[in-house]
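What follows is one structure encoded as structure tokens, with my remarks underneath.
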Amino acid sequence: MWYKYVLVLAVIVIIALIILYSQNKEMGSPLKSGYALTRSATNVVMFERKKDTGKTMVVSAKEVVETGDQVTYLKDFHVVQQKGVKINGKDAIYDRNRSILEVKGPVNIETKDGSQVLLTGFVWDRESQKAFSKNPVKLEGREGIIVADAAEFSDEFTQIALIGRVHAKIAQNFLNH
Amino acid sequence: MRRLLRIFLIISLALPCTLQAQTLKTPVSASDMVDIEADRLDVNTKSGTAVFKGNVKATKADIVVKGNMLTLSYDTATRKVTLLTADGNAYILWKGREATCSKVNYSLVKDVMVLTGDVVITRDQERLTGQKVTIDMKNDSQVVEGGAGRVKVRVNTGQNTGIMQWGK
């Protein structure tokens, strides 16, 4: 009769060992690079504060999908930099490892001085503070328009270079807002 | 057929509104507009300059300015364009006169144009050369300076109004 108790006890010990072993394996194994944990949320507002300058940036989006490989997908988003630019767009991908924001489709940038820049897709390297678009660009002031084939931005969007077939139709007080 | 007519009516009512939205928000008279074409434009919002580079052509009413580089300087307080500077192989066309020089400074506030460096102004057969020419666009007057060289003028005596407006 006693051997039955010993058998049950042995089974319990084996099960306990299996559970313990499997738990240890899960805790100890790092995530493989190809393994992407994904989380998503709607109507998200994110705040970021730069350590060196103390400047803040607010990113709000209707939908955010974040993957384990440090990539964030934004839909219907607004970026507002403290004392800086405002960016509105439809779709964007933010690579947190490289600090690169890639906007796809139509995008509107409002510079610090109030100028409106209309682009179709652009890439913003936040590390070097440089951005560019290889697609046609339109710079709109209250009393004039400048169009070009491509654009480059630097120094927190205070320097704008319009490249290729630049055509400006402006009033004398074009830059007056 | 009635349905088609209704659709046409809706489109014709909507179209002018759409077109109007695409035009400039504030009406500006054509004489106040500056039309500029170039290969590249660099805007520095901090220093208040806009530099057009490469085959630049600027048109304001009946004045045409061409050059390798054109700089618009604007008052950082009022944000109004005050000065237009053309550098390198500058060419100006105004009131039937053509001019070539090294540099043009066109004050939009005073409506005064200053041409410097090997200035040559021509009108038909007439020709004027100097090192500095100041043209008052409002009063239609010119001051020509020879610099190190001498001012040279070739006039057509048969005409009442010439390159220097002597007939006025």
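Tell me which residues, restricted to the range B:60-91, are in contact with a strand residue (DSSP E or B) (Cβ under 6 Å, 6 or more places away or on another chain), at pLDDT below 90 and among the small types (Gly, Ala, Ser).
Residue satisfying the conditions is B:Ser73 alone.
Run down A:Phe122, A:Phe157 and say which single residue is buried (at least 18 other Cβ atoms within 10 Å of the Cβ), touching a Ser or Thr at 6+ places or on another chain (Cβ under 6 Å) and either not assigned by TED's automatic domain parsing to the domain that holds A:Lys55 or not in a strand (DSSP E or B) (or both).
Just one listed residue meets the conditions, A:Phe157.
Just for the range A:136-154: of the residues that are part of a strand (DSSP E or B) and of a type in the set (D, E, K, R), which one is farthest from B:Thr78 (Cα to Cα)?
From the range A:136-154, those part of a strand (DSSP E or B) are A:137-141, A:144-148, A:150-154; that's our starting set.
This time we only want the ones that are of a type in the set (D, E, K, R), so: A:138, A:140, A:152.
Values: A:Lys138: 23, A:Glu140: 18, A:Glu152: 26 Å.
By that ranking, first place goes to A:Glu152.
Could you tell me how many of the residues in the range B:38-64 are surrounded by fewer than 15 Cβ atoms within 10 Å (Cβ to Cβ) and among the hydroxyl-bearing types (Ser, Thr, Tyr)?
The total comes to 1.
Of the numbered conditions (1) under 27 Å from A:Ala148 (Cα atoms); (2) within 14 Å of chain A (Cβ to nearest Cβ), B:Val109 fails exactly one; give the number of that condition.
Failed condition: (1).
Hey, can you tell me all the residues within the range A:125-154 that are surrounded by fewer than 20 Cβ atoms within 10 Å (Cβ to Cβ), among the β-branched types (Val, Ile, Thr) and modelled with pLDDT under 95? Full working, then the answer.
Pass one, the range A:125-154, residues surrounded by fewer than 20 Cβ atoms within 10 Å (Cβ to Cβ): A:125-130, A:132, A:134-136, A:138, A:140, A:142, A:145, A:147, A:149-150, A:152, A:154.
From what's left, among the β-branched types (Val, Ile, Thr): A:145, A:147.
Passing the criteria: only A:Ile145.
Take the conditions at the interface with chain B (Cβ under 7 Å from one of its Cβ atoms), surrounded by 21 or more Cβ atoms within 10 Å (Cβ to Cβ) and in contact with a Ser or Thr (Cβ under 9 Å, 6 or more places away or on another chain) and apply them to A:Ile170. Does it pass? So that I can check it myself, show each step before the final result.
On the way: at the interface with chain B (Cβ under 7 Å from one of its Cβ atoms): yes; surrounded by 21 or more Cβ atoms within 10 Å (Cβ to Cβ): yes; in contact with a Ser or Thr (Cβ under 9 Å, 6 or more places away or on another chain): no.
Here the answer is no, as A:Ile170 does not meet what is asked.
Within the range A:2-49, how many residues are closer than 30 Å to A:Glu127 by Cβ and either β-branched (Val, Ile, Thr) or at pLDDT below 80 (or both)?
Residues that pass the stated criteria total 12.
Only one of A:Lys90, A:Lys83, A:Lys104 is part of a loop (DSSP other than H, G, I, E, B) and either within 14 Å of another protein chain (Cβ to nearest Cβ) or in contact (Cβ under 8 Å) with a residue 12 or more places away in the chain (or both). Can you tell me which?
A:Lys83 is the lone residue from the list that is part of a loop (DSSP other than H, G, I, E, B) and either within 14 Å of another protein chain (Cβ to nearest Cβ) or in contact (Cβ under 8 Å) with a residue 12 or more places away in the chain (or both).
Scan B:Thr116, B:Thr100, B:Thr71 and give me the residue that is farther than 18 Å from B:Val143 by Cα, in a strand (DSSP E or B) and not aliphatic (A, V, I, L, M). Let's see the steps before the verdict.
On the way: B:Thr116 fails: farther than 18 Å from B:Val143 by Cα; B:Thr100 fails: farther than 18 Å from B:Val143 by Cα.
Just one listed residue meets the conditions, B:Thr71.
The values are calculated or read from the model by the stated rules, or taken from the named source; none is laboratory data. Fair warning: this is a prediction, and the values are worked out from it, not measured in the lab. Every residue, glycine among them, receives a Cβ derived from its backbone with ideal geometry; neighbour counts consider all protein chains shown.
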